[in-house]
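Undergrad: Supplied in structure tokens, the structure appears directly below.
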């Protein structure tokens, strides 16, 4: 009886530990988000971090390589100003290259965008891509910041049929190989939100 009870306690403890690890809620990173995404917080006025939904968890396969460029040096040269590196410079997040073809001319970046957007994890050491997330025409990932070498946060929006823009916050953890996506349908905006990366580009 004691052994069974002990096993039950251990099982429950492990369950709680696992769920605490994955229970990354936007409110827990309120100060980080306010400090690192001030335009995002200002755009969705009176953003209430308590009003984000329970979140949707996705397991990530980090072994799959996606769309490696034929010329790695040319890719880095073209998108270097848009790659967001982790502190150790071992990885970067690429919000653009699978979505926007950019060209630098006359002192400015010009771009032509596709309908769909893929978020790529760039493995700098092994020179390969892993697709971390995908957005169709109704959503967009706009900005990203690393928490540390293995975790980062992406902010963006989802557009409703009523032309309302819902703020989204996504956590990616390379150690647990998970993506957690959250939406807040109570703090919508009537205008589209554009992150700092995309403001660098003149769209044609």
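Undergrad: So, in segment 162-186, how many residues would count as being touching a helix residue (DSSP H, G or I) at 6+ places or on another chain (Cβ under 9 Å), closer than 16 Å to residue 43 by Cβ and surrounded by fewer than 19 Cβ atoms within 10 Å (Cβ to Cβ)?
TA: Residues in segment 162-186 being touching a helix residue (DSSP H, G or I) at 6+ places or on another chain (Cβ under 9 Å), closer than 16 Å to residue 43 by Cβ and surrounded by fewer than 19 Cβ atoms within 10 Å (Cβ to Cβ): 2 in total.
Undergrad: Here's something else I'd like to know. Pairs, please: C-beta under 9 Å, at least 6 apart or cross-chain, first residue touching a residue at least 12 places away in the same chain (Cβ under 8 Å) and on the phi > 0 side of the Ramachandran plot and in segment 55-80, second assigned to a loop (DSSP other than H, G, I, E, B) and surrounded by 10 or more Cβ atoms within 10 Å (Cβ to Cβ)?
TA: 55/23; 55/24; 55/25; 67/97; 67/98
Undergrad: Report, by residue number, each residue of segment 117-144 that is assigned to a loop (DSSP other than H, G, I, E, B) and touching a strand residue (DSSP E or B) at 6+ places or on another chain (Cβ under 6 Å).
TA: The one that is assigned to a loop (DSSP other than H, G, I, E, B) and touching a strand residue (DSSP E or B) at 6+ places or on another chain (Cβ under 6 Å): 138.
Undergrad: Can you say whether residue 133 is crowded, with 19+ Cβ neighbours inside 10 Å and either closer than 25 Å to residue 202 by Cα or touching a helix residue (DSSP H, G or I) at 6+ places or on another chain (Cβ under 8 Å) (or both), as far as the supplied structure shows?
TA: In short, yes.
Undergrad: Quick test of your reading of the structure: residue 88 fulfils all but one of (1) farther than 24 Å from residue 38 by Cβ; (2) modelled with pLDDT of 95 or more; (3) in contact with a strand residue (DSSP E or B) (Cβ under 9 Å, 6 or more places away or on another chain). Name the failing condition by number.
TA: With (1) farther than 24 Å from residue 38 by Cβ; (2) modelled with pLDDT of 95 or more; (3) in contact with a strand residue (DSSP E or B) (Cβ under 9 Å, 6 or more places away or on another chain) applied to residue 88, the lone miss is (3).
Undergrad: Scanning segment 50-69 for residues that are outside any loop (DSSP other than H, G, I, E, B) and touching a strand residue (DSSP E or B) at 6+ places or on another chain (Cβ under 9 Å), which turns out surrounded by the fewest Cβ atoms within 10 Å (Cβ to Cβ)?
TA: If we take residues in segment 50-69 being outside any loop (DSSP other than H, G, I, E, B) and touching a strand residue (DSSP E or B) at 6+ places or on another chain (Cβ under 9 Å), then 59 is surrounded by the fewest Cβ atoms within 10 Å (Cβ to Cβ).
Undergrad: For residue 120, indicate whether it is closer than 23 Å to residue 203 by Cβ and touching a residue at least 24 places away in the same chain (Cβ under 8 Å).
TA: Yes, satisfied.
Undergrad: Kindly state which strands (runs of 3 or more DSSP E) lie completely within segment 70-116 and contain at least 2 residues that are exposed (fewer than 15 other Cβ atoms within 10 Å of the Cβ).
TA: 100-105, 108-113
Undergrad: Here is a further query. Just for segment 145-157: of the residues that are part of a strand (DSSP E or B) and in contact with a helix residue (DSSP H, G or I) (Cβ under 8 Å, 6 or more places away or on another chain), which one is surrounded by the most Cβ atoms within 10 Å (Cβ to Cβ)?
TA: Looking at the filtered set, the residue picked out is 155.
Undergrad: Could we say that residue 119 is under 21 Å from residue 170 (Cα atoms) and either at pLDDT below 95 or buried (at least 20 other Cβ atoms within 10 Å of the Cβ) (or both) here?
TA: Taking the combined requirement at face value, the residue satisfies it.
Undergrad: Separate question: For segment 92-111, give me each residue that is in contact with a strand residue (DSSP E or B) (Cβ under 6 Å, 6 or more places away or on another chain) and either at pLDDT 95 or above or at positive phi (or both).
TA: Residues satisfying the conditions are 92, 93, 94, 95.
Undergrad: Given the condition free of Cβ contacts under 8 Å to residues at least 24 places away in the same chain and either part of a loop (DSSP other than H, G, I, E, B) or over 19 Å from residue 39 (Cα atoms) (or both), answer yes or no: does some residue in segment 158-166 qualify?
TA: yes
The values are calculated or read from the model by the stated rules, or taken from the named source; none is laboratory data. Because the structure is predicted, anything quoted here is derived from the model rather than measured. FYI the Cβ positions are ideal-geometry reconstructions off the backbone, even for glycines, and counts take in every protein chain you see.
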